[in-house]
Amino acid sequence: MDQTSRSKQAERLIGALLASEAWRATLYVDAQHVVRATRRWYRRGRKPDDERPEILVSFTRPNYRERDFIKACRKSGEPLPVKKVQLQFRVTK
């Protein structure tokens, strides 16, 4: 992956996080590469600071849940890279 594609992917994920109340956004580049953006949460039940959100962007290998998702995509015939950004929301009691 070159630098321009990485910056476009990071920009896309950060935009998806800021537009929603999601905690994590994941983009599947291929079977060995995943781009993940995670919003930082510091205290239980407290929302992050909306004025200054802190977001961590990672270009890494898929973890076990993401590997299972890639296997399910291959089984269903969905081509990689997956076009949609996968959002994960925090579980509230």
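Scanning the stretch 43-93 for residues that are in contact with a strand residue (DSSP E or B) (Cβ under 8 Å, 6 or more places away or on another chain), of a type in the set (A, V, I, L, M, F, W, C) and in a loop (DSSP other than H, G, I, E, B), we see that the one that is modelled with the highest pLDDT is Val85. Within the stretch 1-15, residues that are more than 14 Å from Thr26 (Cα to Cα) reach partners that are outside any helix (DSSP H, G or I) with beta carbons closer than 9 Å, at six or more positions or on different chains, in the pairs Met1/Val29; Met1/His33; Met1/Val35; Met1/Phe59; Ser5/Val29.
The values are calculated or read from the model by the stated rules, or taken from the named source; none is laboratory data. Here the structure is a predicted model, which means the values were calculated and not measured. Glycine gets a Cβ as well: all are built from the backbone with ideal geometry, and neighbour counts include every protein chain shown.
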